[in-house]
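Following: one structure in structure tokens, then a few remarks.
The values are calculated or read from the model by the stated rules, or taken from the named source; none is laboratory data. What you see is a predicted model, and the numbers here were worked out from it, not measured in a lab. Cβ sites come from the backbone with ideal geometry, for glycine too, and all protein chains shown count toward neighbours. All accessible areas refer to the heavy atoms of the entire protein, side chains included, with ligands and DNA or RNA removed. Shrake-Rupley method; radii C 1.70, N 1.55, O 1.52, S 1.80 Å.
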Amino acid sequence: MHVQGDVDLPVKNPSKTKKMKKRKMEKWIPYLFILPSFLIIVSFLFYPIGTVFYYSLQYYDISAPYYNKFAGLDHFKRIFTEDDLFLPSLFNSFKWVVSQVGLQLILGMILALLLNQTFKFRGFVRAVAFIPWAISGVLASVMWSLMYNEHMGVINDLLMRMGIISTPQAWLSDTTTAFIGVVIAEVWRGIPFFAITLLAALQSIPEELYEAARVDGAGRWKSYIHITLPQLKNTIVLTTLLRTIWEFNNVDLLFNLTGGGPAHSTTTLTMYIAEQAVHGSNFGYGSALTVVTFGILFLFAIIYLKASRFEREGD
Amino acid sequence: MQNSKKNKDKILFFYLPLTLMISFTVFPIYWTLMTALKSEGDILKRPLEYVPLAPTLENFVMAWNNVGFATYFKNSLIVGVSTVLIVVVLSTLSGYALSRYKFKGKRSFLLMLLCTQFIPRSMMIIPLFVIFKNLGLISNPLSLIITYAAIEIPFTTVLMNGFISNVPRELEEAAMMDGCNRLQAIRFVVFPLLLPGIVATAVFTFIYTWNEFLIALMLTNQQSKFTLPVGLSYMMGEFNVNYGALAAGSIIALIPAVILFSYAQKHLVNGMGGAVKG
């Protein structure tokens, strides 16, 4: 627009400079577009994680700030030599993750295979089967606590009617049943995650593969082992890895159903950290625990991906 | 003969397991609803009533008016809607940049988004508390909105990138030819075509914020600012639990998530397939 009066412009074609200017602007557009997302992710995801490493080397207690000072590796020494809860919690985390991911994967796979068949009202049944995915850990805790309850719980009522137990049990305050009780409730909530992802993957397997197998006389089980499973491998590797990390970190049900008790029988490592953070004020020690936990998870993820040869076979 | 064996097979290997799985899924929800519909006396009565003989809505009234669920509901709604707005706008912009441009640092940015998926959420509660305490934002919905947006944006950016790549580039080029600038082209051409994808993204984000517990617990210490999960948890931990109101409160908290989810779950199966594979 202002070009009109530009007589002493050295270039012959004024529209060319305009275009170049525009192109220069264009170069910055993608950066402009990702900037807000970038800033919010760096400030509220990466920066906090960074500070955890810093706090893990400090005595940092929000209830007694005047004692705050550099701690060096004191917290880590305490974790590995003096802390009587660390190893049992780590073991509980292991039990928790293995039982969650294992059971959810198996039951989710069964559900996905069932829902992949054609039958009446399939859309509706699918929607119903996936509902627990949308239910929060706290809500699931409420629901299952109503059912496990010693006095009014339906589980006691059903088992007594069937003659399996003779007196009502306090399932969640008994050290022998509390852990498995929470596991069942969380499995209930976790099945749809696997069912949804596996169903999506099942739908992408070409039908011809099965037809070819049928021509070769392979039964249902054989074609499952030789066609379905290999085709699902990458999905299974990735979903189990993501779920392992997710379940390792998930404390909603443990926190609300048992609070880590009785006698720490349901205290996982993450539950231990959450307890330190929510009820305690010793953030330095809590941060050190967090760093150790992070290290364990990181190591696990690398070993898992290497061992399953995900990258080499991944498309 | 063969036909009856086939039918038997179908019952044994299909209908029976399917019925068992669906019953297992539905029963806890059914039981909560039935508990919510019983009066306090009937809840503790033996033998247990599997269908309440004298259903009542008093627990719902109680939960909404006296126990604080109206407040929790409002707080969750404020946090959820604000987070959704921020996440949709920011991830549409960054998804657009990823889908339409080649630029230096693109791979690093994608790698950064991927890395966030491996950050343990429980790692964040201590540092987030310190940050928001220093900012004076503890018990302020803003702290939750910002944190949730930061957590959701990496995933929704990748999601939007996929949706935007499905919109033909020629359409917006034509619009720009006709005199729209880029933002106008996005607003009037790309955006309407993206609507289904945006709805899926919004539903995803909303359900996440609606259900998140640990961070909300850590960053809120006033009862008047509790979100639904924190309120439910608080009520569960009380000395004298009012089970009827607790069950009714759960049903209230359940309804929005389940309605949105039922609406969007088809997109979920399709979207997940893409997200997991891609």
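Below are the figures for this structure:
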| quantity | calculated |
| --- | --- |
| Wholly within segment A:196-315, helices (runs of 4 or more DSSP H) carrying at least 2 residues that are among the small types (Gly, Ala, Ser) and out of contact with any helix residue (DSSP H, G or I) (no Cβ under 8 Å at 6 or more places or on another chain) | A:283-307 |
| Within segment A:117-153, tally of residues that are over 22 Å from B:Ser262 (Cβ atoms), free of Cβ contacts under 8 Å to residues at least 12 places away in the same chain and under 30 Å from the mean Cα position of the chain (by Cα) | 3 |
| Qualifying position, being closer than 25 Å to B:Phe109 by Cβ and part of a helix (DSSP H, G or I), among B:Leu171, B:Leu217, B:Leu193 | B:Leu193 |
| Any helices (runs of 4 or more DSSP H) falling wholly within segment A:35-149 and containing at least 2 residues that are within 13 Å of another protein chain (Cβ to nearest Cβ) and buried (at least 19 other Cβ atoms within 10 Å of the Cβ) | A:47-55, A:86-115, A:122-130, A:137-148 |
| Among (1) open to solvent by 10 Å² or more (accessible area, probe 1.4 Å); (2) within 11 Å of chain B (Cβ to nearest Cβ); (3) over 16 Å from the mean Cα position of the chain (by Cα); (4) modelled with pLDDT of 90 or more, the one test that A:Phe248 misses | (3) |
| Given (1) in contact (Cβ under 8 Å) with a residue 12 or more places away in the chain; (2) among the polar types (S, T, N, Q); (3) surrounded by fewer than 17 Cβ atoms within 10 Å (Cβ to Cβ); (4) in a helix (DSSP H, G or I), number of the condition B:Ser139 does not satisfy | (4) |
| Of the criteria (1) loosely packed, with under 14 Cβ neighbours inside 10 Å; (2) touching a residue at least 40 places away in the same chain (Cβ under 8 Å); (3) within 13 Å of chain A (Cβ to nearest Cβ), which one B:Asn66 fails | (3) |
| Qualifying positions in segment A:155-184 - out of contact with any Ser or Thr (no Cβ under 7 Å at 6 or more places or on another chain) and open to solvent by less than 10 Å² (accessible area, probe 1.4 Å) | A:Asn156, A:Gly181 |
| Evaluation of B:Tyr208 against (1) closer than 21 Å to B:Leu114 by Cα; (2) more than 17 Å from the chain's Cα centre (by Cα) (one fails), failing number | (2) |
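Listed here are the residues, each with its yes/no results for (1) more than 11 Å from chain A (Cβ to nearest Cβ); (2) within 30 Å of A:Ser43 (Cα to Cα).
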residue	(1), (2)
B:Ile151	no, yes
B:Gly162	yes, yes
B:Ala175	yes, no
B:Asp178	yes, no
B:Leu183	no, yes
